[in-house]
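The values are calculated or read from the model by the stated rules, or taken from the named source; none is laboratory data. Since we're looking at a predicted model, the values are computed, not measured. Cβ coordinates were reconstructed from backbone atoms using ideal geometry, including for glycine residues, and neighbour counts include every protein chain displayed.
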Amino acid sequence: MPHHRTDIMFDTINSVFATRVIAYRYPNNYPGALRWSPYSPDLNPFHFFLWGQMKDLVYNKKPTDLISLKRSISNSFASIKRRTLELVTDNFVTRLSYCITSDGSHFENILY
């Protein structure tokens, strides 16, 4: 079992965040957690923004070894402007409202 899926990890997450957890396959024995749809990358800022952005930033520097890869990842995260993250957050709220409006149906056609 992956480390991020162990009982110890879920106990820790629950003790820190309690009912503010949104997670895919979060165990049922933690009441109040919200279930996150596993196939909704259009809602998740990490999917619709961060991973693509990081991939572009990191691999544009063409790291050649593990040390330069780690350095490139750290520098790339640090280079993302606060305003960019604010816009991504605003867009996330907009996407959530579209999801509510569409009653959980597909809404990608509304965004573009």
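All conditions in (1) modelled with pLDDT of 80 or more; (2) in a helix (DSSP H, G or I) hold for ALA18, with the sole exception of (1). Right, ILE13: surrounded by 10 or more Cβ atoms within 10 Å (Cβ to Cβ), modelled with pLDDT under 70 and of a type in the set (Val, Ile, Thr) or not? The answer is no for ILE13.
Have a look at PRO27, PRO63, PRO41 and point out the one that is assigned to a loop (DSSP other than H, G, I, E, B), at pLDDT 80 or above and surrounded by 10 or more Cβ atoms within 10 Å (Cβ to Cβ).
The conditions single out PRO63.
Any idea which residue in the stretch 66-84 is nearest to the chain's Cα centre (by Cα), counting only those that are assigned to a helix (DSSP H, G or I), surrounded by 10 or more Cβ atoms within 10 Å (Cβ to Cβ) and of a type in the set (A, V, I, L, M)? Among them, the one singled out is ILE73.
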